[in-house]
Amino acid sequence: PGLARQMGDLGYRTVAMHPYYSSGWNRVAVYEDMGFDEQYFLEDFSYTEDDLIREYLSDRADYENLIARYEAKEEGESLFLFNVTMQNHSGYTGEWTNLPREVWLTGEYEGKFDTVDQYLNLVYRSDQALEELISYFSQVEEPTMICLFGDHQPQVDTEFYNAVLGDEVDFLDAAAAQKKQMVPFLIWANYDIPEAQGVE
């Protein structure tokens, strides 16, 4: 049981997209077991070297491939597309290839945590790509919903987490430790849905 099978049972064409290699984590077999009708990996994506940030496909290029798959669907076909991006994958200690330094920590943390600064610049690029994705689907007549979430907090300097959370990560009480495990999500639709903030 899972979302792909549930959506398939409701008549959706289910598609998994992941702009990294199909060979890792037994992805092909796993996506088949999850019930996806189609799956696309980095070797199936259209991109150039300029579409890479560090060693990963940018969110912008990933979303362009997502849009291309959407535009290729049959007229009136319902589509459930599960897309796992790669641009912001850790670690954040390597070269800043194709990633300008545009944002950074300020105040007492300025210049102290390069991994955090790299992550923030990646997220800044993600924000720009998401704006373009939403702009595209805001012009689409077909009712469309986008749900964006992460699967874990970024693996940046432990000392940064210690400073922000007020104690060593390994010795946090349960309530504080749980904050590190929380991942926000965003839901956007091109039709009216109830608005909410702070949903847990």
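The values are calculated or read from the model by the stated rules, or taken from the named source; none is laboratory data. Since this is a predicted model, take the numbers as computed values, not measurements. Note that each Cβ is placed from the backbone with ideal geometry, even for glycine, and that neighbours are counted across all protein chains shown. The accessibility values were calculated without ligands, DNA or RNA, using every heavy atom of the protein model including side chains. Shrake-Rupley method; radii C 1.70, N 1.55, O 1.52, S 1.80 Å.
Below are the figures for this structure:
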item	result
Loop GluC sites (Glu not before Pro), region 114-186, which have at most 16 other Cβ atoms in a 10 Å radius of their Cβ (DSSP)	Glu141, Glu168
Tensor-based shape of region 87-200 (alpha-carbon gyration tensor, a/c under 1.5 rounded, otherwise prolate or oblate)	oblate
Asp9/Asn98 FRET efficiency (R0 35 Å; Cβ-Cβ; nearest 0.05)	0.25
Integer Hz, Karplus 6.51/-1.76/1.60 couplings in order for region 67-72, x for Gly and Pro	4, 4, 5, 4, 5, 8
Relative contact order %, the chain, counting alpha carbon pairs below 8 Å whose residues are six or more apart	18
Per residue Cα convex hull volume in Å³ - calculated over the chain	163
Under 11 Å, Cβ to Cβ, from Arg101 - net charge with Lys/Arg +1 and Asp/Glu -1	-3
Karplus-derived 3J(HN,Hα), 6.51/-1.76/1.60, for each residue of region 174-187, Hz, glycine and proline x	4, 5, 6, 4, 5, 4, 6, 8, 6, 10, x, 9, 9, 10
Theoretical FRET efficiency, 1/(1+(r/R0)^6), r = Cβ-Cβ of Gln178 and Tyr70, R0 35 Å, to 0.05	0.45
The chain, accessible area per residue, ligands and nucleic acids excluded (1.4 Å, Å²)	65
Phi to ³J(HN,Hα) by Karplus 6.51 cos²θ - 1.76 cosθ + 1.60 over region 138-143, Hz, x for Gly, Pro	5, 9, 7, 6, 5, x
Highest to lowest packing among 7-19, 25-37, scored as the average C-beta count within 10 Å	7-19, 25-37
Carbon + sulfur, % of accessible area of the chain - ligands and nucleic acids excluded, 1.4 Å	49
Region 77-116 versus region 127-147: alpha-carbon centroid distance in Å	21
For Leu79, residues with placed amide H under 5 Å, excluding near neighbours	Arg13
